[in-house]
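What follows is a set of notes on a single structure, which appears directly below.
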Amino acid sequence: MASVFAPDLPKLDAWRFKLGLWLLFLLVVIRFAWMSDDAYISLRTVWNFTHGYGLTWNPVERVQAYTHPLWLFLLAGVHAISGEMYLTVLVVSILCSALAVAFVLWRLATRLPQAIAFVALLLCSQAVLDYTTSGLENPLSFLLAATFCWLWLAPAEQPKPLFRLFLVGCLLTLNRLDLVLLVLPALAWLLWRRRSWRSLGLASLALLPLLAWEVFSLIYYGVPFPNTYYAKLSTGIPAVEYRLQGLLYLVDLATHDPGTLLLVLLGIGAAFGSGARRPMAFGLLLYLVYVVSAGGDFMQGRFLSVPAFIAAILLTAGRDDGTQPFGDKAMLGSVALIVVLAASRLIDIEGPDPLIRASGIANERQYYAGSTALATHSRDRPVPYNHPWGELGKSMRQRPPERIFEAGVIGFMGYAAGPTVQLVDHHALSDAFLARLPCLRPWRIGHFKRAFPDGYLASLRSGENRITDPALRPLYDDVRLVTRGELFSAERWAAIGRLNLYRVADATPASP
């Protein structure tokens with residue numbers, strides 16, 4: 001190991017050592033590759049889009065049931081070429097994750113101790129490893145985050161490239177809107193430091209893709225945000241309950257994936273010690289506050305996977321003045337502490353981990369890997385048709401004339417059911433009308449069940465408004481006009497205005 005720390009280590013030997021680290025990471029990612037049920041919610045839209053049904057989930061209505069436009073378009077483009085879904089998504093995920101790590105190893109980790117520490121930190125984060133695949137947008141977020149950090153940590157004598165930083169930040173936001181919080185302080189600080197009409201013009205130009213998407217979203221879907229935003233945050237639940245659940249999310253992570261939580265906290269602390277990195281620390285802190293205020297997530301560690309990836313970069317990559325945040329011993333000592341904490345989760349103290357904990361949080365990979373892991377993939381029974389929910393969805397296609405079904409889980413089931421079947425989601429992830437109703441109690445984070453108003457299913461099946469509640473009849477008419485009406489009709493745009501002003505505020509969640 002002494003030769004690894006030598007400042008005069010031949011470049012070829014250093015390159016080979018980094019290649020070995022990268023291959024180790026790649027092998028671990030491939031070994032643990034899997035797909036989540038939630039990914040197939042988006043993949044149904046990918047399939048519809050590539051087969052001429054538009055950017056829809058139920059083809060009869062325009063509802064954005066995905067949160068990651070950039071990731072969706074990337075998958076749609078590759079799927080249109082390959083004609084296959086499961087392996088295509090996994091290959092794209094693995095390539096994005098591997099490219100992100102390679103980018104850091106060869107662009108940011110200028111010395112071998114940094115490269116070793118970076119890969120060790122990633123391998124100690126279950127959240128990072130779990131979401132290098134899964135079918136969700138995290139791998140592309142890793143790649144964009146690595147690119148942003150590379151641009152931000154440019155040598156001190158070089159001016160930070162404002163246009164490119166804003167463009168990468170824009171793409172990261174397009175990949176998932178709330179990720180803007182990770183880079184917002186850095187971009188705001190840079191724009192303030194370079195304040196001029198030219199800088200403002202360059203920043204505005206770089207943000208055009210995001211502006212274009214928001215304009216499209218308002219025209220096509222009638223709303224600026226994904227439907228899941230309304231389904232999960234427009235519930236009638238008091239904000240204090242969300243915050244308590246968000247704190248519980250961090251406690252759960254400290255119990256089941258302590259390496260990830262410590263990595264994020266150490267990354268924030270280290271970045272605050274450097275003037276150039278301080279805006280990145282503010283971004284991590286701001287995102288952490290957001291996660292708590294939004295109640296966290298039902299997927300263990302998912303929301304902290306990208307912050308953990310950025311924290312690993314901030315802890316190990318060279319500073320903008322050419323040095324590293326810590327000396328080699330301090331850096332590797334921090335890694336050793338995280339390794340010990342990460343290893344502690346392997347010790348069985350509380351007994352077998354339940355599939356869904358009392359907090360409502362679950363180890364999603366553990367939940368689904370038995371059916372969707374790459375290591376167990378079979379062409380004879382491909383995902384999602386090898387899962388009971390996929391089999392149920394497939395059976396729905398074979399039950400004419402019925403074409404409208406109730407559903408509580410819509411990923412595997414919705415994808416397998418195909419475009420001729422309309423699923424009505426109890427959790428409102430794909431239902432614009434139910435997403436504007438208060439949820440039932442008790443609730444589970446990420447799963448806010450709604451009761452179907454009297455006459456709702458009859459309205460969907462008949463095409464007429466048969467809802468009996470007079471207070472909900474106008475809302476149903478507006479949603480139907482927005483999601484099914486002619487794009488540029490005056491009536492639809494009036495309904496868009498009313499729908500965007502509609503709030504569940506002060507509503508009391510219903511009882512079952």
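What follows draws every value from the coordinates through simple rules; no lab data is involved. Since the model is a prediction, treat every value here as computed from it, not as a measurement. Cβ coordinates were reconstructed from backbone atoms using ideal geometry, including for glycine residues, and neighbour counts include every protein chain displayed.
Here are some notes:
- Förster radius 51 Å - calculated FRET efficiency between ALA458 and PHE216 (Cβ-Cβ, nearest 0.05): 0.95
- Relative to the longest principal axis of the Cα atoms of the chain, the long axis of helix 162-175 makes an angle of roughly 40 degrees.
- For the chain: relative contact order, % (alpha-carbon pairs under 8 angstrom, 6 or more apart): 20
- For a label point 7 Å along the Cα-to-beta-carbon line of LEU355, residues of the stretch 119-137 with backbone N under 20 Å: 134-135
- DSSP bridge orientation in the chain - percent antiparallel, rounded to nearest 5: 10
- With the convex hull of its Cα atoms as the shape, the stretch 402-507 has an orientation-averaged projected area of 7.6 nm².
- The chain - mean residue ellipticity at 222 nm from DSSP helices (-39,500 (n - 2.57) per run, n ≥ 4, rounded to 500): -18000 deg cm²/dmol
- Taking a ≥ b ≥ c as the square roots of the eigenvalues of the Cα gyration tensor, the stretch 226-314 is classed as prolate, since a/c reaches at least 1.5 and a/b is larger than b/c.
- Relative contact order (%) - criterion: Cα under 8 Å, at least six apart; region: the stretch 388-501: 15
- Given charges at Cβ of Lys, Arg, Asp, Glu: the chain dipole, positive-most of LEU392, PRO238, PHE142: PHE142
- Set of lysines with alpha-carbon distance to LYS232 below 30 Å, sequence-local pairs under 8 removed: LYS394, LYS449
- Approximate shape of the chain as ellipsoid semi-axes (Cα gyration tensor, √5λ), whole Å, largest first: 41, 26, 22
- Charge dipole (debye, nearest 20) of the chain; +1 at Cβ of Lys and Arg, -1 at Cβ of Asp and Glu: 820
- Exposure rule at most 10 other beta-carbon atoms within 10 Å, DSSP loop trypsin sites (Lys or Arg not before Pro): the chain longest free segment: 1-194
- Net lengthening on full extension, TRP15/ASP469 (0.36 nm per residue, minus Cα-Cα): 156.6 nm
- Multiplying the residue separation of GLU486 and ARG397 by 0.36 nm and removing their Cα-Cα distance gives an extension gain of 29.2 nm.
- Charge dipole (Cα centre; +1 on Lys/Arg Cβ, -1 on Asp/Glu Cβ; no other charges) of the stretch 388-501 amounts to roughly 220 debye.
- Cα gyration tensor shape of the stretch 424-470, rounded if a/c is under 1.5, else prolate or oblate by comparing a/b with b/c: prolate
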